[in-house]
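Report on one structure; see the data block that follows.
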Amino acid sequence: MSYLIIGGTEKAGTTSVFEYLAIHPQVRPSIRKETDYFRQSHCSEYDYQQFFSRGGSGQVCVEASPGYLGLASEVAPRIHHALPQSRLLFILRDPVERFQSSYRFHRSKYFIPDDLDIDTYTEMCLAFDEGKIALADTPFENRWFMDVLPAGRYASHLKHYIDRFDERVMLLDFDYLNRDPATVMQGISRAMGIDEDFYRDFEFFRSNSTFQGKLKPLHSLGMKVNDRMEPLLRRHPRLKRRIVDMYRRVNGASTPEGATLSPASAQRLRDYYYREVEQVRQMFQGIQQQDINWRYFHAA
């Protein structure tokens, strides 16, 4: 049995790639997309296998837990201890775009209050990162929502994995995934030793796109049903897509006010990530022999 762990980052297509792979007959997907198994202290291959269905002929176990990237200093040694021969795939996105998408996603889930616009949230996250405010000074009880900025320091986190897994680490640009999913999936298939022809005439789709609900009670109910039904819907992603499309037509809303970065906030975030992006560009050139051309870093 071999393993492919899709390690991040949030809002960068991890769900889509996981679901493309879940349909492949030679893949055994995790029962839930995000096992988050390696966030705990004591990990073993035997216990990890309990997250995967026992039936089927799949020879490659696949999961996708985007949080593994931001927790690299803790998670990388745990994965290496339990699964030293596993492969890891990190899908990376322009960190400024990712920050904005993350805000919209968490606001759509009602984790971020409607009256907290993205520019204020940006200032709050920067102040928290600099130690100027504490969690108690924010509307959040879970610091996850205040650690969104450092999670985008991809280079610092990736070093923990590259040091341990070397050539077993694969990097993927979110923009490239959107432009040419067939080539991407064929490349992943070759790396994992499964049939790449499966994706030559594959009907690609996009999963987990963020949208607001017009009616909050109905949207809350929909999210609970989705969570309960995930093990079933993960095995039938096309069915899930049809259900979500129908629901979106009934209760979907446009992007709310205050959810788009102002030029000033975008520039502050660009300054925050500038050096990290330069290091990531070097990693892409060294590992994937590719360049990245992210929207907010064209001049970098």
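The values are calculated or read from the model by the stated rules, or taken from the named source; none is laboratory data. Given the structure is predicted, the values throughout are model-derived calculations rather than measurements. FYI the Cβ positions are ideal-geometry reconstructions off the backbone, even for glycines, and counts take in every protein chain you see. The accessibility values were calculated without ligands, DNA or RNA, using every heavy atom of the protein model including side chains. Shrake-Rupley method; radii C 1.70, N 1.55, O 1.52, S 1.80 Å.
Values as computed for the structure displayed
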item	result
Sites ARG295 and ASP137 - FRET efficiency at Förster radius 41 Å, r taken between beta-carbons, to 0.05	0.85
Cα pair distances in the range 63-196, grouped into 5 Å bins until the bin that holds the longest one, percent each	2, 9, 17, 18, 17, 15, 11, 7, 4, 1, 0
Of all accessible heavy-atom area on the range 29-177, the percent that carbon and sulfur account for (1.4 Å)	47 percent
Spin-label model distance (nm) - PHE204 vs ASP119, 7 Å beyond Cα toward Cβ	3.6 nm
Sequence of ARG107, ARG268, ARG153 from largest to smallest accessible area, 1.4 Å probe	ARG268, ARG153, ARG107
Length-normalised contact order for the range 1-126 - Cα pairs under 8 Å, 6+ apart - percent	37 percent
Residue order for MET185, MET246 - accessible surface, 1.4 angstrom probe, largest first	MET246, MET185
Environment charge at ARG281 (Cβ cut-off 13 Å; Lys +1, Arg +1, Asp -1, Glu -1)	-4
Cross-link pairs beyond the 29 Å C-alpha cut-off, checked among LYS109/LYS240; LYS109/LYS159; LYS159/LYS240	LYS109/LYS159; LYS159/LYS240
For the range 1-117, accessible area per residue (1.4 Å probe, heavy atoms of protein chains only), Å²	35 Å²
Protection proxy ranking, peptides 93-104, 125-136, average beta carbon neighbours within 10 Å, highest first	93-104, 125-136
Alpha carbon centroid spacing (whole Å) that separates the range 143-178 from the range 1-44	15 Å
Under 15 Å, Cβ to Cβ, from TYR272 - net charge with Lys/Arg +1 and Asp/Glu -1	-4
